[in-house]
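Structure first, then comments.
The values are calculated or read from the model by the stated rules, or taken from the named source; none is laboratory data. On a predicted model such as this, the values are computed, not experimentally measured, just so you know. No Cβ is skipped: glycine too gets one built from the backbone with ideal geometry, and neighbour counts run over all protein chains shown. Heads up: the accessible areas ignore ligands, DNA and RNA and are worked out on the full protein's heavy atoms, side chains in. Shrake-Rupley method; radii C 1.70, N 1.55, O 1.52, S 1.80 Å.
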Amino acid sequence: MRNAVAAVALALSTFAAPCAHAGDESPREWLDRMTTSLATLDYEGLFTHSTGAQSETMRIVHRVRDGRSTERLVSLDGSEREIVRTPEEVHFYMPDRKVVLVEPRTDGGSLLRALPAPGPKLDAVYTLSLRKGNRMLGREVRILDIQPRDQYRYGYRLWLDEDTAMPLRSEVIDRHGHALEAIHFTQLDVGGDIDAGDLEPQLDATGYRWVRHGRRAEPRVATTTWQVRNVPPGFRLVASRLQVVPGQPVPVQHLIFSDGVASVSVFIEPGTAKGPTPPESTRVGSANAFSTQVGGHVVTAIGEVPADTVRDIATSLAPASAASPTAPPKPLVKAP
């Protein structure tokens, strides 16, 4: 990647209900149950995260107390990366950069980011189907297939425990039916007694640089109004914020587009002093990134979607003065 924003975004993208009787629930109800289970149950386990020829073994610990969850994710394969999510903040420990990135917590979900979450317009862009699967980890399983209706998003296949709806395996599927990314639990304990110490970081961060977003005065920067033009069908702007990124002198604008399952992050930062550079595409596993220069700014879109989708979203943004007068009105956003 040619800029720090895209590099950090790619690095972070590699992390990713108490059950009634498993009777005649619809596929949508199973997806809802899975999302609730991930957010509300106590569990810990080991899983492998595979992208192409690369795989990583990770441990996850998740505990809920008084309706508030704390979670820790740690790499067991040498990188020593850890993510600890408290009820208020998310701490990203990055030994390769000697940095701890701290952000306010904005949701109550799980760190298993490769898994889809239901949205209000799910049926418009995906079809869902459910079938019986083979036993995994000694548990009865249902397989939930989430298939896209067009070329702008990937599909998902989820192996759900019948008793808890916890995902024992998940895959991101391309349009040819090939698995681009997979999360596969090799050990999972649900409902056990989790010690508070298991949620504390084990990495010695002495000498690391702590970068906090939203906890310190941020430098004043000029702002530009941006127009969101046509984006791929089903995607809409769902969040916008300023974000501190290691290596960047000023905060960058972080926009999030979602179709209710897949999401795309867009980072807007001032252009380099060297002047415009050609557009650039990058892929890591199921995550694609596209960077281009628009109106003197570098716009980088990244998400677990096809390459055309991140490209189309990145190029759908323009300074308001440069937006086509015939383009349909979209939400306006502020960018540094």
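For labels at residue 131 and residue 241 in the simple 7 Å Cα→Cβ model, what's the distance in nm?
So the two model labels end up 4.0 nm from each other.
Order the peptides 91-98, 53-60 from the highest to the lowest mean number of other Cβ atoms within 10 Å of their residues.
91-98, 53-60
How many nm is it between the label spots at residue 307 and residue 98, if each spot is 7 Å from the Cα in line with the beta carbon?
In this crude label model, residue 307 to residue 98 measures out at 3.6 nm.
Mind ranking 163, 174, 193 by accessible surface for me, highest first, 1.4 Å probe?
Putting 163, 174, 193 in descending order of accessible area: 193, 163, 174.
From Cα pairs below 8 angstrom and at least 6 apart in sequence, can you work out the relative contact order of segment 127-193, rounded to a whole percent?
After rounding, I find 21 percent.
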